[in-house]
Amino acid sequence: MTTQLLEAKSKNTTAEMERAAENEGPSPAHMRELIASGEVVLPVNKKHEKLVPLAIGKNLTTKVNANIGTSPEVADVKSELCKLDAALEAGADSVMDLSTGGDIDEVRAAIVENCTVPVGTVPMYQAAIDVGGPEEMSIDSYLQVLEKHARDGVDFATVHAGVTREALPLLERRLVGVVSRGGSFMIRWMREHGKNSFLYEHFDDVLDIAEEYDVTMSLGDGLRPGGIEDATDEAQIHELKILAELAERCKERGVQVMIEGPGHIPLHEVEENVRLEKAYCRNAPFYVLGPLPTDIAPGYDHLVGAIGGALAGAYGADFLCYVTPKEHIGLPGPEDVREGVIASRIAAHVADIAKDVPGAKEMDREMSRARADRDWDAMLERALDPRRFSDLMDGESGEDQCSMCADFCALKLYREKSSHEQKAHH
């Protein structure tokens, strides 16, 4: 039994490390060292046959995750595969299946089978649904679900083991309360049974399965703020400290781990949130939802999340969970998924420029050169979303000017020699 982390600690460079390094730029040896230190994760379940290895963390490009999955009201495998296609076409680096309706096992198996990027799940959802509600869960029923997900090839799993009884009184001061579904499930169970979290108390049993299948632990922020009024409060920080403890236990067992983060945070608190995670969790990769720096833009939360994600990434967040235009409204469709991925990819690239990730600025330099030359084909080739660029070019002449400025194109006016300069040249 071995894992990517155990191999890295033994100074063995796996084929997956070599492949990930080839895609990113660092040498395989450096990639191995980053994984060994816990600053990079390489989510590679031994059962995910079609997976192209991808690394997340320090010195690497900022990655983007897309959430898909059914709901109790809308549950169709074909629809989820359409969303998967939309996410992959738009350039998502990973996908999470958050299904809560229909045949959850069938949906998950179909997604893993058709997905070449890492797949994540939240086992807590199915663990509660299978037994009739969160109150009926147990550590045994949870472990059965986690192992089922691991056997199906899930590469990383969100585990809400940091939600403990000690934090419950701290939540009473919140305006919004708890918006994490997994967090609310765990709180409901603790209130019903008068006990501490079975995930926290039996975390070693969770790690047994994670180690066997090399499932990367994504320690969930079950107490993340659901409104900027509640950001960076005592409950959130209490959980972060618990996650730091659990992250060390993961690494001791040879299980890779990353930390999930908020959530709704005002822009001026983003830097502090990243700093706290890196300090408490010893630079473990930070996986943030958004973050969302305002609460008043339903329908545009993909843009709100991109604003917060760019700043979080610039300060050191490694992994952005996208937000779609349907956030806070309803279940996203394929086009919502696509818009969410594109918005987060823009944010990730903006962050990579700020972090001076190798190659990031060169992409912008090439686009600037193409614009200066009015080379529309080259612009299309370098556009982050070529489909959108092509759609907007419909009706444009494609000559050395556009309909915005026409003969008054600043680039043309600047580059063309004046009649005085031409006479002087002759």
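Restricting attention to the stretch 194-213, the residues being part of a loop (DSSP other than H, G, I, E, B) and in contact with a Lys or Arg (Cβ under 6 Å, 6 or more places away or on another chain) number 1.
Only one of the numbered conditions (1) in a helix (DSSP H, G or I); (2) more than 16 Å from E260 (Cβ to Cβ); (3) in contact with a helix residue (DSSP H, G or I) (Cβ under 8 Å, 6 or more places away or on another chain) is not met by A109, and that is (3).
Within the stretch 1-21, the set of residues being within 20 Å of V117 (Cα to Cα) and either modelled with pLDDT under 95 or surrounded by 13 or more Cβ atoms within 10 Å (Cβ to Cβ) (or both) comprises T3, Q4, L5, T14, E16, M17, E18, R19, A20, A21. If I filter the stretch 180-193 for residues that are basic (K, R), in a loop (DSSP other than H, G, I, E, B), out of contact with any Cys (no Cβ under 6 Å at 6 or more places or on another chain) and assigned by TED's automatic domain parsing to the domain that holds I129, do I get at least one hit? Checked the stretch 180-193: no residue is basic (K, R), in a loop (DSSP other than H, G, I, E, B), out of contact with any Cys (no Cβ under 6 Å at 6 or more places or on another chain) and assigned by TED's automatic domain parsing to the domain that holds I129.
Taking residues in the stretch 243-256 that are free of Cβ contacts under 8 Å to residues at least 60 places away in the same chain, and partners anywhere that are assigned to a loop (DSSP other than H, G, I, E, B) and surrounded by 20 or more Cβ atoms within 10 Å (Cβ to Cβ), the pairs with Cβ atoms closer than 6 Å and at least 6 places apart or on different chains are A244/C281.
Right, V357: outside any helix (DSSP H, G or I) and in contact (Cβ under 8 Å) with a residue 60 or more places away in the chain or not? Answer is yes for this residue.
Of the residues screened, D140 is not one that is of a type outside the set (K, R) and either outside the structural domain of N196 (by TED's automatic domain parsing) or touching a Pro at 6+ places or on another chain (Cβ under 8 Å) (or both). Taking the stretch 69-102 as the range and being touching a strand residue (DSSP E or B) at 6+ places or on another chain (Cβ under 6 Å) and outside any helix (DSSP H, G or I) as the test, the residues that pass are G69, A92, D93, S94, V95, M96, D97, L98. Taking the conditions (1) in contact with a strand residue (DSSP E or B) (Cβ under 9 Å, 6 or more places away or on another chain); (2) in contact (Cβ under 8 Å) with a residue 60 or more places away in the chain; (3) assigned to a helix (DSSP H, G or I) in turn, L54 satisfies each one other than (3). A Cβ distance below 7 Å, combined with a sequence gap of six or more or placement on separate chains, defines the contacts here; from the stretch 95-114, residues that are of a type in the set (S, T, Y) reach residues that are assigned to a helix (DSSP H, G or I) in the pairs S99/V107; S99/R108; T100/Y125; T100/I129. For the stretch 76-102, the candidate set comprises residues that are in contact with a Ser or Thr (Cβ under 7 Å, 6 or more places away or on another chain) and small (G, A, S); within that set, the residue that is surrounded by the most Cβ atoms within 10 Å (Cβ to Cβ) is S99.
For A372, the conditions (1) modelled with pLDDT of 95 or more; (2) over 22 Å from P225 (Cα atoms); (3) small (G, A, S) all hold with the exception of (1).
Considering only residues in the stretch 277-312 that are out of contact with any helix residue (DSSP H, G or I) (no Cβ under 6 Å at 6 or more places or on another chain), without any contact (Cβ under 8 Å) to a residue 40 or more places away in the chain and among the hydrophobic types (A, V, I, L, M, F, W, C), the one that is farthest from A354 (Cα to Cα) turns out to be I296. Considering every residue within the stretch 165-188, establish whether at least one is of a type in the set (A, V, I, L, M) and under 16 Å from A127 (Cα atoms). Yes; the residues of the stretch 165-188 include at least one that is of a type in the set (A, V, I, L, M) and under 16 Å from A127 (Cα atoms).
The values are calculated or read from the model by the stated rules, or taken from the named source; none is laboratory data. Source: prediction; values computed, not measured. Note that we place each Cβ from the backbone using ideal geometry, even for glycine, and neighbour counts take in every protein chain shown.
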